[in-house]
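Here the structure comes first, spelled out in structure tokens, and everything after it is commentary.
The values are calculated or read from the model by the stated rules, or taken from the named source; none is laboratory data. The structure presented is a predicted model; accordingly, all values stated were derived computationally and were not measured. Ideal geometry is used to build each Cβ from the backbone, glycine not excepted, and the neighbour counts take in all protein chains shown.
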Amino acid sequence: MVSLTERTRQGWLPLFVLAVGMSMIIIDATIVNVAVPAILADLRLSATDVEWINSIYSLMFAALLIPLGRTGDVRGRRRMFVLGLVVFLAASALAAASVSGPMLIGARVIQGVGAAMVVPMTLATINAVYTGSRRVIAFAVWGSVIGGMAAVGPLLGGWLVTDHGWRWAFWVNLPIGLLVLAGATRVPETRDPSAGGHDVPGVLLSTVGTSSLVFSLIESQRYGWGGSSPVPYAFALAVLALTGLVLVERSRARRGRPVMLDLSLFSISSFRYGGAAATVVALGEFGMILVLPLFLQTAIGFTAFQTGLIIASLAAGAFLSGGIVPRLAKLMPARRIVQLGLLCEAAGAAAIGLVVSPGLGPWTFVPWLALYGLGVGFASAQLTSVMLAQVPSRQSGQASGLQSTMRQVGAAIGVAALGGVLVTGLGGAMERHLPDRPDLARAVRDSAGAAIAGIREPATRAAAVEASAEATRRVSLVTGAVLLAGVGAALLLPDTGGRRREEE
């Protein structure tokens with residue numbers, strides 16, 4: 001173990017290595033979204049398959065963040081970070097070699113496991129290594145590096161998919177990951193001396209609960225909620241498992257037994273309301289970023305690279321925020337910056353919904369995506385800082401894992417729910433515009449719009465593109481409404497003033 005003094009002397013290199021490792025996870029999600037239309041066409045996937053490719057990753061990520069975060073607290077955070085990188089890189093190679101939908105979905109499951117080992121270790125290590133003003137700077141740098149790498153993601157993904165094929169959206173992880181592995185030798189090892197023991201019931205209940213919830217949201221499009229559908233039973237199982245999780249964790253805590261979910265964290269107001277805001281924000285963000293590349297490529301006909309350029313404006317806005325936030329922090333408390341960011345996101349999403357049309361040009365979305373990205377940058381790093389500001393360092397691993405879990409649960413639900421809004425909207429709009437072509441309406445709906453590319457008759461294609469625009473408009477406006485709910489949660493955030501709760 002390296003002492004705190006020795007760790008501090010190592011400067012900012014550990015922060016950079018951790019941030020780039022985290023950024024690789026962000027880049028993967030960004031590139032995959034740009035690559036989805038190409039994957040869909042090459043492997044002949046359905047809309048439900050596409051949602052699973054995105055959601056199963058977030059689902060495994062969310063289900064395992066807390067238990068793997070706890071394991072890292074006990075066994076060593078650097079060790080878990082390195083092991084997670086190895087798992088993630090192996091899964092990326094498997095995804096790149098996939099020849100079918102099930103194989104790709106399986107690879108994404110393993111990627112989610114690796115990501116769940118990496119992400120909580122970054123925040124927990126930063127929280128343990130850096131103190132005082134250095135911690136504030138570390139969180140700001142962490143957020144800015146992620147924003148910068150996210151800005152590269154769509155461009156890199158668009159270029160790779162256009163010139164080399166969608167498989168390179170996964171192969172590209174290998175050189176980045178190997179460099180991070182080399183740099184990990186400079187990251188100090190940290191542990192939580194108070195962590196220990198296992199909570200098998202908690203792990204099982206959380207995994208079953210989150211898995212069943214996302215399954216019910218995604219598969220409701222295929223099976224519905226009535227008759228012999230498994231969806232109502234999956235949803236009921238999710239409710240029972242998640243309720244049981246809360247009851248079991250409370251009981252174990254009262255008896256002094258190890259718990260996976262430290263419910264006492266929710267007694268900290270900054271963590272409680274920050275977590276609610278983070279969940280809602282992730283729900284809105286990730287769902288829309290799945291939908292826009294589909295519309296731009298399948299309906300409008302942009303290439304993956306053109307789509308990457310457009311989506312990059314969102315990440316560029318997030319990167320730009322890194323230079324603005326330090327100045328804003330001198331003028332207003334962190335919670336106000338979070339609220340401002342959420343308002344920018346909501347406004348950007350609503351504006352995108354209002355300008356969506358079949359005849360939009362390549363620059364139509366850019367200013368609104370940049371505004372949206374600026375809001376993401378304002379809210380994300382500051383929200384993390386606010387959530388963890390009053391958390392004692394002995395609970396930093398639990399808090400980091402739990403806040404990441406809330407974000408990923410929100411992301412998985414967002415992809416499932418807003419993906420459902422897209423598919424339902426496509427089906428309804430196609431039936432209105434082409435009532436005499438139920439077969440085509442079903443094909444466009446089931447392919448999430450990919451079937452539009454194969455329509456040759458101009459009038460029919462125009463009707464299908466209009467239907468896709470209507471569905472995308474609906475998703476964007478729903479996203480704006482969801483983000484406004486996040487603003488409501490952020491209004492309840494206390495003024496932490498960047499202070500950390502005194503150790504007890």
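Computed values, structure above
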read-out: Residues located in the stretch 430-452, provided they are farther than 20 Å from residue 39 by Cα and assigned to a loop (DSSP other than H, G, I, E, B); value: 434, 435, 436, 437
read-out: Condition check for residue 180: of a type in the set (A, V, I, L, M, F, W, C) and at pLDDT 85 or above; value: yes
read-out: Condition met for residue 282 (at pLDDT below 90, closer than 30 Å to residue 366 by Cα and not β-branched (Val, Ile, Thr)); value: yes
read-out: Selection count, the stretch 323-349, where residues are surrounded by fewer than 20 Cβ atoms within 10 Å (Cβ to Cβ) and closer than 18 Å to residue 472 by Cα; value: 1
read-out: Residues being of a type in the set (Asp, Glu) and closer than 25 Å to residue 481 by Cα - total across the stretch 261-286; value: 1
read-out: Total residues in the stretch 149-168, condition modelled with pLDDT of 85 or more and under 19 Å from the mean Cα position of the chain (by Cα); value: 0
read-out: Candidate set: the stretch 454-477, residues that are part of a helix (DSSP H, G or I) and farther than 15 Å from residue 429 by Cβ; chosen: the one modelled with the lowest pLDDT; value: 454
read-out: Residue among 123, 104 that alone is within 30 Å of residue 199 (Cα to Cα) and assigned by TED's automatic domain parsing to the domain that holds residue 185; value: 123
read-out: Residues of the stretch 201-259 that turn out to be in a helix (DSSP H, G or I), over 27 Å from residue 54 (Cβ atoms) and among the basic types (Lys, Arg), as a count; value: 3
read-out: Failed condition for residue 352, given (1) modelled with pLDDT of 85 or more; (2) under 24 Å from the mean Cα position of the chain (by Cα); (3) of a type outside the set (D, E, K, R); (4) over 30 Å from residue 454 (Cα atoms); value: (4)
read-out: Qualifying position, being surrounded by fewer than 22 Cβ atoms within 10 Å (Cβ to Cβ), at pLDDT below 85 and either more than 22 Å from the chain's Cα centre (by Cα) or part of a helix (DSSP H, G or I) (or both), among 264, 270; value: 264
read-out: Every residue from the stretch 442-466 that is crowded, with 24+ Cβ neighbours inside 10 Å and either without any contact (Cβ under 8 Å) to a residue 60 or more places away in the chain or not assigned by TED's automatic domain parsing to the domain that holds residue 298 (or both); value: 444
read-out: So residue 279, is it among the β-branched types (Val, Ile, Thr) and under 23 Å from residue 421 (Cβ atoms); value: yes
read-out: Unmet requirement for residue 330, which otherwise passes all of (1) assigned to a helix (DSSP H, G or I); (2) in contact (Cβ under 8 Å) with a residue 24 or more places away in the chain; value: (2)
read-out: Only one of 365, 319 that is in the same structural domain as residue 48 (by TED's automatic domain parsing), over 20 Å from the mean Cα position of the chain (by Cα) and in contact (Cβ under 8 Å) with a residue 12 or more places away in the chain; value: 365
